[in-house]
Amino acid sequence: MREELAQWDFVALAYGVGLVALAVLALWAWRTMVNAEARRDAMRRR
């Protein structure tokens, strides 16, 4: 087992963290958009 990490391990980890963060941000934005559209449609029905 290695005692120190190579630079590519950090690069791979950074890409992984970035992709997970991007997926979470996209999901949050999509859910916010869906909720806003539902509120708009509810106001139009009144």
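The values are calculated or read from the model by the stated rules, or taken from the named source; none is laboratory data. Just so you know, these numbers come straight off a predicted model, no measurement behind them. Ligands, DNA and RNA are excluded from the accessible area calculation, which covers all protein heavy atoms including side chains. Shrake-Rupley method; radii C 1.70, N 1.55, O 1.52, S 1.80 Å.
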### Summary
Rounded to a whole %, the carbon-and-sulfur portion of the accessible area of the chain at a 1.4 Å probe is 66 percent
### Message
With the cut-off at 1.5 for a/c, could you classify the chain from its C-alpha gyration tensor as rounded, prolate or oblate?
### Response
prolate
### For the chain, calculated [θ]222 nm from helices alone, where every DSSP H run of n ≥ 4 adds -39500 (n - 2.57)
-31500 deg cm²/dmol
### Summary
The helix 7-45 Cα axis meets the longest alpha-carbon principal axis of the chain at an angle in degrees, between 0 and 90 and rounded to 10, of 0 degrees
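If the chain between Val11 and Val34 were fully stretched, how many nm would it gain, using 0.36 nm times the residue separation less the Cα-Cα distance? Spell out each step's value before the answer.
Values: separation 23, 0.36 × 23 = 8.28 nm, distance 3.45 nm.
Fully extending the segment from Val11 to Val34 adds 4.8 nm.
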